[in-house]
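So the structure is just underneath, and the comments pick up after that.
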Amino acid sequence: MRIAIIGGGIAGLAAAYELEQARRAGKQIEYTLFESRDRLGGSLSSEVVDGAVLERGPDSFLTEKPAAAELCRELGLGAELTPSNDADRKTYIVVRNRLVPLPDGLMFLIPTKLIPTALTRLFSWSTKIRMGLELLHPPRPTGLPDESVAALVERHFGRETVDRLADPLLSGIFGGDSAQLSARTVLPRLVEMEEEYGSLTRGMLAAHRKMRARMKAAAKRTARPANEKSSAPSTRAIFTAMRGGMNQLVDAIAARLDPASVRLSVPVSGLEKVADGWKIVAGGKTEVYDAVIFATPAWAAGELLGRIDPQLAGELRAIPYSSSITVNLIYEESQLGRLPDGFGFLVPVVEGRSMLACTFVHRKFLGRTPPGKAVLRAFLGGMKNEALMDSPDEVLVATVRRELSEILGEKILPQSARPEYTQVSRWPRAMAQYAVGHQERMKRIHARVASLPGLKLAGNAYDGIGIPDCIRLGRLVAKELLAVSC
């Protein structure tokens, strides 16, 4: 069986790795990975500058989703997995140029502790009262049409909670707009809680009680004698990174692949469905494959599939994408005052700034920045500020420096403090947005794909945007094709 993989990001690499493992095990498999750029990894891109690890794209993955860590261990990278420094985890929201910490007891978007919620400066008293009255919210009928995250949150907690909490948090995760994102896809647990309990606060508290009960029961089952200690940690960090940067994962996968099966700087320019498979035109050559895995952005897959299945192509093109910019700044710590405790801060769109967020990288992951250095990583762009993509690097750096100084204060980051090194990275149309109606669109996409034997889709546009999701889906579609070939 001959399989073409279009796209050399992490989803395409995961698919290629799965096929390579099968080939080495004796399966009659040939594969070709086509990548239009001169490098593999897509948005996973890192470099080490004077001992500091700088990530141009994603800096880590969610620990609770196992696919990424499992693959790292398969590749012999287990010792390179680095947990986030959660002992010092603290996140702020910018409110009128002041850093306000997220209140204790906030479970994603849901306040679960009365006193911290009452005392926080993040919300006005009218919003706090509404949060208290939310406990009386009646259950919502099941089966209602999908709605936006903003509509769900505003119905329960008011508009201020959308502006100061939902928007910045979701912008940091999805690079999107809460008024466009699908509640049923992005926050399915909250939709289920509303249908069962009415109040999201009561639903979250009930879920927390169940989780604690399960943990206690599990602890009893695995109880050890008093003189025997367990080597397992009691808690897991929320995020996991690679000690030398996310490129370690890309390089390790690439090293396992057959070099003759990887074609860099070779964009696919044509695709045709033929009787015996799929005809692909790339790099001036035409070849026929039994199957093809699209690991490109959905809009790129739509362009190539336009003549083969216009309906499928239209659905793929209709999936919205946002663009993003990362700006890394390396400073001598002696130039700065004491940064606020924690990992960094989020900037609501209503603050009217270019920055969406800033991470204190040297705090989030220990051991990846030399002593005496501070790495600040700013994020810009998103659905509401695409125009920034056209700004020159020097303008973006100057904007970030000015806004950091205004938010943190001159005593902490004076305008006179110049970074030793700056790095600007642009990611146009890179982050898929799960808009209202995404699940219904996916049903239509799956139906059309099923009518085209040998066609598979993988990537962040379909069933999860994170690195573990892309790895899981890439390996899954490869396994599905291997099952057909047996």
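The values are calculated or read from the model by the stated rules, or taken from the named source; none is laboratory data. Since the model is a prediction, treat every value here as computed from it, not as a measurement. Glycine gets a Cβ as well: all are built from the backbone with ideal geometry, and neighbour counts include every protein chain shown. SASA here: full protein model, heavy atoms, side chains in, ligands and nucleic acids out. Shrake-Rupley method; radii C 1.70, N 1.55, O 1.52, S 1.80 Å.
Remarks
- Residue check for ILE280: outside any helix (DSSP H, G or I) and modelled with pLDDT of 95 or more: yes
- Taking the criterion of being more than 16 Å from VAL327 (Cα to Cα), over 25 Å from the mean Cα position of the chain (by Cα) and among the hydrophobic types (A, V, I, L, M, F, W, C), the residues of region 379-411 that qualify are ILE407, LEU408.
- Qualifying position, being more than 28 Å from ALA483 (Cα to Cα) and touching a Phe, Trp or Tyr at 6+ places or on another chain (Cβ under 7 Å), among TYR289, TYR321: TYR321
- Residue list for region 214-265, filter: modelled with pLDDT under 95, open to solvent by 80 Å² or more (accessible area, probe 1.4 Å) and part of a helix (DSSP H, G or I): ARG214, MET215, LYS216, LYS220, ARG221
- All positions within region 283-329 that are in a loop (DSSP other than H, G, I, E, B), β-branched (Val, Ile, Thr) and within 24 Å of THR185 (Cβ to Cβ): THR296, ILE319
- Options ASP309, ASP393, ASP341: the member that is touching a residue at least 60 places away in the same chain (Cβ under 8 Å), among the acidic types (Asp, Glu) and farther than 30 Å from TRP278 by Cα: ASP341
- In the condition set (1) in a helix (DSSP H, G or I); (2) open to solvent by less than 40 Å² (accessible area, probe 1.4 Å), LEU122 is compliant with all but (1).
- Checked across region 73-80, the condition of being under 20 Å from CYS470 (Cβ atoms), surrounded by 15 or more Cβ atoms within 10 Å (Cβ to Cβ) and either of a type outside the set (A, V, I, L, M) or under 20 Å from the mean Cα position of the chain (by Cα) (or both) holds for at least one residue.
- Single unsatisfied condition, GLU154 versus (1) acidic (Asp, Glu); (2) open to solvent by 40 Å² or more (accessible area, probe 1.4 Å); (3) out of contact with any helix residue (DSSP H, G or I) (no Cβ under 6 Å at 6 or more places or on another chain): (3)
- The set of residues in region 462-484 that are assigned to a loop (DSSP other than H, G, I, E, B) and either at positive phi or under 11 Å from the mean Cα position of the chain (by Cα) (or both) comprises GLY464, ILE465, GLY466.
Every residue, every condition in (1) open to solvent by 10 Å² or more (accessible area, probe 1.4 Å); (2) of a type in the set (Phe, Trp, Tyr); (3) part of a strand (DSSP E or B), yes or no:
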site	(1), (2), (3)
PRO340	yes, no, no
HIS362	yes, no, no
VAL375	no, no, yes
GLU394	yes, no, no
VAL397	yes, no, no
LEU404	no, no, no
GLU410	yes, no, no
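- Test for ALA69: is it of a type in the set (Gly, Ala, Ser), open to solvent by less than 20 Å² (accessible area, probe 1.4 Å) and closer than 23 Å to ARG236 by Cβ: yes
Here's the yes/no breakdown for (1) crowded, with 20+ Cβ neighbours inside 10 Å; (2) touching a residue at least 40 places away in the same chain (Cβ under 8 Å); (3) aliphatic (A, V, I, L, M); (4) touching a helix residue (DSSP H, G or I) at 6+ places or on another chain (Cβ under 7 Å):
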| residue | (1), (2), (3), (4) |
| --- | --- |
| THR369 | yes, yes, no, yes |
| GLY437 | no, yes, no, no |
| GLU440 | no, yes, no, no |
| HIS446 | no, no, no, no |
| LYS479 | no, yes, no, yes |
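- Test result for GLU64, among the charged types (D, E, K, R), open to solvent by 60 Å² or more (accessible area, probe 1.4 Å) and in contact (Cβ under 8 Å) with a residue 12 or more places away in the chain: yes
- With respect to the conditions (1) in contact with a helix residue (DSSP H, G or I) (Cβ under 8 Å, 6 or more places away or on another chain); (2) surrounded by fewer than 18 Cβ atoms within 10 Å (Cβ to Cβ), PHE379 lacks only one, and its number is (2).
- SER182 passes every criterion in (1) open to solvent by 40 Å² or more (accessible area, probe 1.4 Å); (2) closer than 17 Å to MET383 by Cβ; (3) touching a helix residue (DSSP H, G or I) at 6+ places or on another chain (Cβ under 6 Å) apart from (1).
- Filtered residues of region 269-327 (kept if under 21 Å from GLN180 (Cα atoms) and open to solvent by less than 10 Å² (accessible area, probe 1.4 Å)): ALA298, LEU316, ILE319, SER322, SER323, ILE325
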